[in-house]
Amino acid sequence: MSNITQSRLLAELNTILRFSGLLTGEAVKSRAATFWDNSPMRAKALLRPSSVEQLQQCMRLCHAARQVIVPLGGNTSLAEGTAASADDMVLSLERLNQIEQIDTVSQTVTVQAGVVLQALHEALAAQNWVFPVDLGARGSCTLGGMLATNAGGFGVLVHGMMRTQVLGLEVVLADGSLLSSMHGFLKNNSGYDLKQLFIGSEGTLGIITRAILRIKPALAGRASALLGVERFEQVCELLKHLQSGSGLSAFEVMWPSFWRLNTGEYSSHQSPLAGEHNFYVLLECQASSQAAAEAACCSALEAAFNDGLLQDAVIAQSMAEAQSLWAIREAYEAEQKRFKQIWGFDVSLRIADMQRFAQLLEERLKRLSAAIYLSVYGHLADGNLHLILGGNPPLPETHTVEEVVYQCLAEFGGSISAEHGVGLEKKPWLHLTRNANELHWMRQLKQLFDPHGLLNPGKIFDSEPA
Ligand SMILES: Cc1cc2nc3c(=O)[nH]c(=O)nc-3n(C[C@H](O)[C@H](O)[C@H](O)COP(=O)(O)OP(=O)(O)OC[C@H]3O[C@@H](n4cnc5c(N)ncnc54)[C@H](O)[C@@H]3O)c2cc1C
């Protein structure tokens, strides 16, 4: 801390934020620590600027006072990226929540960072447009948080992750200065693409305040189907088959461990397929009309069935039926009811290695503790698996469990984080995914943009190598 005292810093922030923008004490504690954790939020203060100018003034002041800032969006990230200490100040983007412009000629939307994903979906749907990224936390996660973590979700196989959607970005740096790359068009090869540095940087390089994102005309037809498949090779063959001409827009795969848990006695869902299968595929095809989507989906599945690629299938006959299929994929209440301890992992690896990895991991976890249940599912087409490990005590230590999972993954050359970021949680394992040279240049970038280490320090990596 420089020569500005804590009480003066808070008083000056209060003046900038005009009272309701600055929360301290009980008002901070009344907020939940994270989406999953209802314990009180920890922070010296919660700053809630309502304009970029206010945010810049706060950052200038905090920079002068060497005050640590933890950026906060919807708090739905799953890697402790928003964890703060009692000495930190949390900077929430919740009042920067305006959809500034929907430009259907340029096919872009200009948003402030605090816009909640679902609000954007609804505003665009009213004009028959879509933002192509969607994910389970849509009711809470913000565009700023999604950019800061380079979020993925269900449509990545067609549209890419957040990084692909960004045509312009505005960032406030640690010293309060503004870096604007709000250009708004796709092709701009006039030098370095600076905005990409901040996407996926988890609030460690700058505060994302506004963005120009790509939007697409809405397709009126969506057909969803659930398939039962016998062998993993058939799942991969199915993906290839559906990618040629069916309008495939989502391809989610669930292993039987996931399916049994989420359609069994602890779940409110029932399996719409008769019998058990080794793999369950939930897919969606899109087309310009409902009839066209259903026709494309049906004929692709009929051909796949004739080629012996699937054992059973149900095609949703209504929006309600489609929603009930997707509700199984997005469910998490069964694991919460059944297990006292849950560990979640979000990894990526080559599609071809996925089944061998899942089998090997299961064997190793069984050897570690018979009490651990491994549930596997994921965005297979993106090379992304989610692993939910659940159990009831006595259980091994978290570090031991993580070691088994990540060592097994490292043998397949996979990544410890596919879409949720590193935060604090995965930091000890980053060296398994990134080599020493990569980490060196990441630290150099951090030093360049935030030489005093004030922005979300300790997240992703420590400023000095361990
Ligand atoms: C039920 C559920 C399903 C999910 N499904 C998916 C999924 O399919 N795909 C996926 O990718 N993720 C998924 N997630 C994870 C999460 O929703 C995403 O990581 C999301 O992008 C986080 O957005 P947020 O606004 O909640 O960010 P937060 O959790 O608030 O913050 C995330 C990180 O970004 C930083 N940050 C936040 N806002 C800013 C900003 N404006 N500028 C700079 N840094 C900032 C924070 O400091 C933190 O490090 C899921 C989460 C849940 C709870």
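The values are calculated or read from the model by the stated rules, or taken from the named source; none is laboratory data. Quick caveat, the model's predicted, so the values are computed rather than measured. Cβ placement follows ideal geometry from the backbone for every residue including glycine, while neighbour counts extend to all protein chains displayed. Calculation scope for accessible area: heavy atoms of the full protein, side chains included, ligands and nucleic acids excluded. Shrake-Rupley method; radii C 1.70, N 1.55, O 1.52, S 1.80 Å.
Rolling a 1.4 Å probe over the protein heavy atoms gives region 255-340 an accessible area of 51 Å² per residue.
R163 to S20: FRET efficiency via 1/(1 + (r/R0)^6), r the Cβ-Cβ distance, R0 35 Å, to the nearest 0.05? With a Förster radius of 35 Å, E is 0.50. Between the helical axis of 436-449 and the longest alpha-carbon principal axis of the chain there is an angle of about 40 degrees.
For the chain, the dipole from Cβ point charges (+1 on Lys and Arg, -1 on Asp and Glu) about the Cα centre works out to 1140 debye, to the nearest 20. Of interest is the spacing of the C-alpha centroids, which for region 55-70 and region 382-449 amounts to 30 Å.
Is region 45-125 best put as rounded, prolate or oblate by its Cα gyration tensor, with a ≥ b ≥ c the root eigenvalues, rounded for a/c under 1.5, and otherwise prolate when a/b is larger than b/c, oblate when not? Oblate is the answer for region 45-125, as a/c is 1.5 or above yet b/c matches or exceeds a/b.
Note on the chain: Lys pairs 8 or more places apart or on different chains, Cα atoms under 23 Å apart, count 17. What's the whole-number percent of alpha carbon pairs in region 309-431 lying beyond 24 angstrom? Distances greater than 24 Å cover 34 percent of the Cα pairs. Return the distance in nm (one decimal) between the two label points of a simple spin-label model at Y266 and Q444, each offset 7 Å from Cα along Cα→Cβ. Modelled inter-label distance: 4.8 nm. The dipole here belongs to region 299-380: it is taken about the Cα centre, uses +1 on the Cβ of Lys and Arg and -1 on the Cβ of Asp and Glu, and is about 560 debye. Using a probe of 1.4 Å, the accessible surface attributed to L368 totals some 60 Å² when neighbouring protein chains are kept in position. In order along region 333-339, the phi-based Karplus estimate (6.51 cos²θ - 1.76 cosθ + 1.60, θ = phi - 60°) of 3J(HN,Hα) comes to 6, 5, 5, 5, 6, 7, 10 Hz; Gly and Pro are listed as x. With a Förster radius of 41 Å applied to the C-beta separation of S180 and R356, the computed FRET efficiency comes to 0.30. Element breakdown for the chain at a 1.4 angstrom probe: carbon and sulfur atoms account for 51% of the accessible area. Put simply, the amide H of W129, placed in the peptide plane, has neighbours under 5 Å in A218, leaving out anything fewer than 5 places away on its chain. Every Cα-Cα pair of the chain was included, and the share exceeding 45 Å stands at 13 percent. If R0 equals 41 Å, the separation of the Cβ atoms of A220 and S7 corresponds to a calculated FRET efficiency of about 0.10. Peptides 58-66, 286-294 ranked from most to least packed, by the mean per-residue count of other Cβ atoms within 10 Å: 58-66, 286-294. Between E233 and D87, full extension at 0.36 nm per residue minus the direct alpha carbon distance yields a gain of 47.3 nm.
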